[in-house]
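Worksheet: the structure to be examined is printed underneath.
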Amino acid sequence: MRAALLLLLVLAGAMPARAQTIVTSAGPDKVSVTLYRDPDRDADSAINRSYPQGFALITETRTVTIPAGPAVIRFEGVAGNILPESALVSGLPDGVEEKNLDANLLSPRSLFDRALGRRVLVRRTNPATGKAQLLQATLRSSADGAAVLQFGGAYGDLRCSGLPEAIVYDGVPEGLSAKPTLSVKTTAKAERQVTLTLSYLSGGFDWQADYVIAMRKDGQSADLFAWITLASTDVTTFVDADTQVVAGKINRTANSNYGPRNFASASYLPLQCWPVPEYDLEDADDGYQLPSMPAPPPPPPPPAPEAMDLVVTANRAGLMAEAKVATVEALGDLKLYRFPTRVTVASQSQKQVGLMNKPGVKLAPVYVSDIVRESAETTLLLRGKNNVANGLGAAMPAGKAAVFSEVEGQMLLVGESAIDDKAVDELVEFRMGRPQSVSTQVVGTRHRPDDRTTAYTLTVTNDQPWPVTYEAKIYLDDDEKMVRSSSRLGRKDGASFWTTRVPANGTETLTYGVRNDRNR
């Protein structure tokens, strides 16, 4: 009896393990995409089109039927830039045992590389007869350079004859997938249909706010519209996605790298041509005629990357009054902007959705100068308080701005600017660079009998048909001191500060003295 029991135990141990069942989910039932900006990109810098350093949180809902026992569930169509270590799968009744990422995608290049040293069929047109042929050949080169093919004892090339020709593969090599695929292992106690939620982070995304400002004729207000501009360099398209963006800077570790894996260029097969001796296709080993096969069309050129330049226009009647805009809600110290409708976040593309529409915003032009001795650099900025009374009163994400003004009934671009993230009740300033409509001049002369004192005259001229606000910060060295001025001066950013209202087509003047105690 004991011997029989031991034999049964040995036989049981020798039984093979139960085979794993492959369950494939071809795509999500529902998907949500949340984009985070590159925290190291300045507000006045455009999105890096080829290597965006923002990222996205992808959440997918998928329905699958899992069998009893061990199984591998394949999630096809995940983001190509997925960070597999961040993936979470919920809804499996018996949990996840293992995760695997298969991002080695099926492409002309990967097929070519996998065929190195193997026999393939070459379909090409006989130049003498114009008929298509299939020739057996062995691939003798990698994808870098020219395609070297061995036809029996002769060698030839590919794509160099000027006639249609291509390599025909008899199947897909093991390990290549048409879509980026994440797989998980599980062991279920019983067969059942389950709804799974897959969440993961992916690199290769970024977004920014783009403001369009149309100044009104009064010179003191503007119509403001803002876009959410998002960019994806991923190989996967997310169709009808619930999409949102997060404004604000989140903490990332110093070695975080969310740049894209450039699948687009990695999949391209840039074969080159080189001169080879002519050989007779009819005499090539294993060649045979296919008279009924039409000549295939030449392979299409690789797709050009989609243009991602931002094009903005301005018009009246509240700019884009009919455009739907995102809704905003708090997310801790950050802000979450939800798109008003589902959108398709397409592969290798850029998309714009309305962020806010604020007609009649009070944005007054202010001219500011930094004064250092006889030097004065003047710039123009548009300034307003981010509150309801001024027509704003909404969180404003960091981004670039294009400013337009009406000239003879036509809206023309007059300047570009950028702002950082602005909360409600903060001061908003769009700095636009050096203006042409207000000029400044600083003249310094020695004042006797005290030769340590220099008298300065600051003259501001306004050639516009409306009054403007002017501000000047006067910087002094550590051994210099302001001893007198024709107007009361304040302090700002460690400098003496003068502000005045310059009348339309008028002039304002400030005189002041600076005493130098260096050689006292």
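The values are calculated or read from the model by the stated rules, or taken from the named source; none is laboratory data. On a predicted model such as this, the values are computed, not experimentally measured, just so you know. As a convention, Cβ positions derive from the backbone with ideal geometry for all residues, glycine included, and neighbour counts pool all protein chains shown. Note: areas computed on protein heavy atoms with side chains; ligands, DNA, RNA excluded. Shrake-Rupley method; radii C 1.70, N 1.55, O 1.52, S 1.80 Å.
Please specify each residue of segment 200-252 satisfying the condition of being within 30 Å of Val468 (Cα to Cα), part of a strand (DSSP E or B) and either among the basic types (Lys, Arg) or open to solvent by 10 Å² or more (accessible area, probe 1.4 Å) (or both).
Met215, Ser221, Trp227
I'd like to verify a number: residues in segment 409-421 that are open to solvent by 50 Å² or more (accessible area, probe 1.4 Å), touching a strand residue (DSSP E or B) at 6+ places or on another chain (Cβ under 9 Å) and not in a loop (DSSP other than H, G, I, E, B), how many?
The qualifying residues number 4.
Would you check if there is a residue in segment 407-421 being modelled with pLDDT under 70 and either over 32 Å from the mean Cα position of the chain (by Cα) or within 23 Å of Lys473 (Cβ to Cβ) (or both)?
No; the residues of segment 407-421 include none that is modelled with pLDDT under 70 and either over 32 Å from the mean Cα position of the chain (by Cα) or within 23 Å of Lys473 (Cβ to Cβ) (or both).
So, Leu163, is that one modelled with pLDDT of 80 or more and out of contact with any His (no Cβ under 8 Å at 6 or more places or on another chain) or not? Quick ask: steps written out before the conclusion?
Values: modelled with pLDDT of 80 or more: no; out of contact with any His (no Cβ under 8 Å at 6 or more places or on another chain): yes.
Against the criterion (modelled with pLDDT of 80 or more and out of contact with any His (no Cβ under 8 Å at 6 or more places or on another chain)), Leu163 does not qualify.
When you check Asp144 against the structure, is it part of a loop (DSSP other than H, G, I, E, B), within 40 Å of the chain's Cα centre (by Cα) and at pLDDT 80 or above, yes or no?
Answer is no for this residue.
Which of the residues belonging to segment 160-187 are more than 18 Å from Arg119 (Cα to Cα) and open to solvent by 10 Å² or more (accessible area, probe 1.4 Å)?
Cys160, Ser161, Gly162, Leu163, Pro164, Gly175, Leu176, Ala178, Lys179, Ser183, Lys185, Thr187
Matching residues to (1) in a loop (DSSP other than H, G, I, E, B); (2) of a type outside the set (Ser, Thr, Tyr); (3) in contact with an Asp or Glu (Cβ under 9 Å, 6 or more places away or on another chain); (4) at pLDDT 90 or above:
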{"position": "Leu35", "(1), (2), (3), (4)": "no, yes, yes, yes"}
{"position": "Pro52", "(1), (2), (3), (4)": "yes, yes, yes, no"}
{"position": "Ala56", "(1), (2), (3), (4)": "no, yes, yes, yes"}
{"position": "Val64", "(1), (2), (3), (4)": "no, yes, no, yes"}
{"position": "Val78", "(1), (2), (3), (4)": "yes, yes, yes, yes"}
{"position": "Pro93", "(1), (2), (3), (4)": "yes, yes, no, no"}
{"position": "Asn100", "(1), (2), (3), (4)": "no, yes, no, no"}
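Give the residues of segment 65-85 that are open to solvent by 10 Å² or more (accessible area, probe 1.4 Å) and either in contact with a Pro (Cβ under 9 Å, 6 or more places away or on another chain) or touching a residue at least 12 places away in the same chain (Cβ under 8 Å) (or both), sorted by residue number. Steps first, please.
Keep residues of segment 65-85 that are open to solvent by 10 Å² or more (accessible area, probe 1.4 Å), which gives 65, 67-68, 70, 72, 74, 76-77, 83-85.
Those that are open to solvent by 10 Å² or more (accessible area, probe 1.4 Å) and either in contact with a Pro (Cβ under 9 Å, 6 or more places away or on another chain) or touching a residue at least 12 places away in the same chain (Cβ under 8 Å) (or both): Thr65, Pro67, Ala68, Pro70, Val72, Arg74, Glu76, Gly77, Leu83, Pro84.
Restricting the search to segment 465-481, which residues are open to solvent by less than 30 Å² (accessible area, probe 1.4 Å) and either more than 17 Å from Arg515 (Cβ to Cβ) or in contact with a Lys or Arg (Cβ under 8 Å, 6 or more places away or on another chain) (or both)?
Here is the first cut: in segment 465-481, the ones open to solvent by less than 30 Å² (accessible area, probe 1.4 Å) are 468, 470-472, 474.
The answer is Val468, Tyr470, Glu471, Ala472.
Would you please list the contacts, defined by Cβ atoms under 8 Å and residues six or more apart or on different chains, that run from a residue in segment 140-151 that is surrounded by fewer than 19 Cβ atoms within 10 Å (Cβ to Cβ) and among the small types (Gly, Ala, Ser) to a residue that is modelled with pLDDT of 80 or more and in a strand (DSSP E or B)?
Filtered contacts from segment 140-151: no entries.
Among the candidates Arg452, Arg484, single out the residue that is open to solvent by 50 Å² or more (accessible area, probe 1.4 Å) and in contact with a Phe, Trp or Tyr (Cβ under 8 Å, 6 or more places away or on another chain).
Going through Arg452, Arg484 in turn, just one is open to solvent by 50 Å² or more (accessible area, probe 1.4 Å) and in contact with a Phe, Trp or Tyr (Cβ under 8 Å, 6 or more places away or on another chain): Arg484.
If Ala128 satisfies every condition in (1) farther than 22 Å from Ser110 by Cβ; (2) touching a helix residue (DSSP H, G or I) at 6+ places or on another chain (Cβ under 7 Å); (3) not acidic (Asp, Glu) but one, which is the exception?
(2)
Exactly one condition in (1) buried (at least 18 other Cβ atoms within 10 Å of the Cβ); (2) modelled with pLDDT of 85 or more is not met by Arg192; state its number.
(1)
With the condition kept exactly as written, say whether any residue in segment 109-116 is in a strand (DSSP E or B) and not acidic (Asp, Glu).
No, that holds for no residue.
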